[in-house]
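Structure in structure tokens, see below.
Bear in mind these aren't lab numbers, they're just calculated from the coordinates by the rules spelled out. No experiment lies behind these values; they were computed from the predicted model shown. Here the Cβ is made from the backbone with ideal geometry for all residues, glycine too, and neighbour counts use every protein chain on show.
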Amino acid sequence: MRFDIVTLFPDFFESPLSSGLLGKALAKNIAEVHLINPRDFAIDKHRRVDDEPYGGGVGMLIKPEPIFAAVESLPILPRREVIFVTPQGEPMQQSMLKEFATNLEQIVIICGHYEGVDERVMSLVTREVSLGDFVLTCGEIPALALLNGTIRLLPGAIGKEDSLKYESFEAGLLDYPQYTRPPVFRGLEVPAVLRSGNHAAIDRWRTEQQIERTRIRRPDLYADWLKESEQIKKKVNLE
């Protein structure tokens with residue numbers, strides 16, 4: 001899978017792309033990441049990429065010319081999205097990342113900076129994505145989150161791919177609590193059921209913990225899970 005990151009700060013990605021899971025995935029050619037600096041496409045002698053907004057206002061906007069030139073310099077694969085990361089976009093969710101990993105061959109990510117980009121850049125964009133309802137200093141942070149979350153879902157990126165099936169959000173619920181040795185640490189004990197060897201009991205306990213944890217920590221997800229569970233029950237009864 002090909003990722004093209006249009007960024008004024010390519011150095012931001014150097015360490016994340018060379019370490020951990022991302023580094024391994026790129027080394028194995030599971031994905032490829034290309035960093036494109038719009039400053040390389042600036043049309044004046046000072047390589048200027050920003051200017052004052054029409055109508056006045058605080059801050060500077062990234063000009064359209066270098067962004068257009070940067071995006072238009074890229075190859076176009078059949079199944080691709082051009083994404084602008086912005087607080088105004090749709091929230092980044094696990095289902096979205098799964099869709100990207102499953103259906104796309106290429107993702108182009110445009111990272112904003114300063115006070116944003118000239119609105120005409122949106123004519124290049126096929127999807128706007130948000131990391132959350134807050135403002136950051138740059139688009140590189142959500143771009144890296146999208147990159148990491150998508151690449152880890154690609155075949156071969158995770159050593160034990162079955163582990164992906166049991167993560168938070170996969171069944172509409174948060175993950176269950178997990179423990180390792182020692183069995184007792186500073187008076188805190190691993191639940192007896194996990195040491196029982198009774199796999200049916202362990203599965204029940206884990207499901208109960210997922211439900212309860214979601215109910216307490218994310219009542220919004222819990223409500224959606226209840227609704228979906230009821231719909232499944234009705235469908236089974238009808239059949």
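Applying the Karplus parametrisation 6.51 cos²θ - 1.76 cosθ + 1.60 with θ = phi - 60° to the phi angles of region 144-151, what ³J(HN,Hα) value in whole Hz is obtained for each residue in order, glycine and proline being reported as x?
Couplings: 5, 4, 5, 4, 4, x, 7, 4 Hz.
Something else about it: Give me the orientation-averaged projected area of the Cα convex hull of region 177-218, in nm², one decimal.
Directional mean of the projected Cα hull area for region 177-218 stands at 3.4 nm².
I've got another one for you. If the viscosity is 1.002 mPa s and the temperature 20 °C, what translational diffusion coefficient in µm²/s does Stokes-Einstein give for region 22-105 when Rh comes from Kirkwood over Cα pairs?
Estimated via Stokes-Einstein, D reaches 134 µm²/s.
If we restrict to alpha carbons, what Rg and Dmax does region 89-147 come to, in Å?
Cα-based Rg and Dmax for region 89-147 come out at 11.8, 33 Å.
Could you tell me which trypsin sites (Lys or Arg not before Pro) in region 54-107 are loop residues by DSSP with no more than 16 other beta carbons within 10 angstrom of their beta carbon?
Here the trypsin sites (Lys or Arg not before Pro) that fit, given the DSSP loop and packing criteria, are Arg79.
Per-residue HN-Hα couplings for region 103-108, Karplus 6.51 cos²θ - 1.76 cosθ + 1.60 at θ = phi - 60°, whole Hz, x for Gly and Pro?
10, 10, 9, 8, 10, 9
Counting other C-beta atoms within 10 Å, and keeping those with at most 15, which DSSP coil GluC sites (Glu not before Pro) do you find in region 64-120?
Glu105, Glu115
Could I ask something else about it? Hull surface divided by four, with the convex hull built on the Cα atoms of region 1-154: how many nm²?
9.2
With 29 Å as the limit, write out which pairs from Lys98/Lys234; Lys24/Lys98; Lys98/Lys235; Lys24/Lys227; Lys63/Lys98 have Cα-Cα distances beyond it, or answer none.
Over 29 Å apart, Cα to Cα: Lys24/Lys227; Lys63/Lys98.
Ordered by packing density, taken as the mean number of other Cβ atoms within 10 Å over each peptide's residues, highest first, how do 139-149, 195-205, 26-36 rank?
Top to bottom by mean Cβ count within 10 Å: 139-149, 26-36, 195-205.
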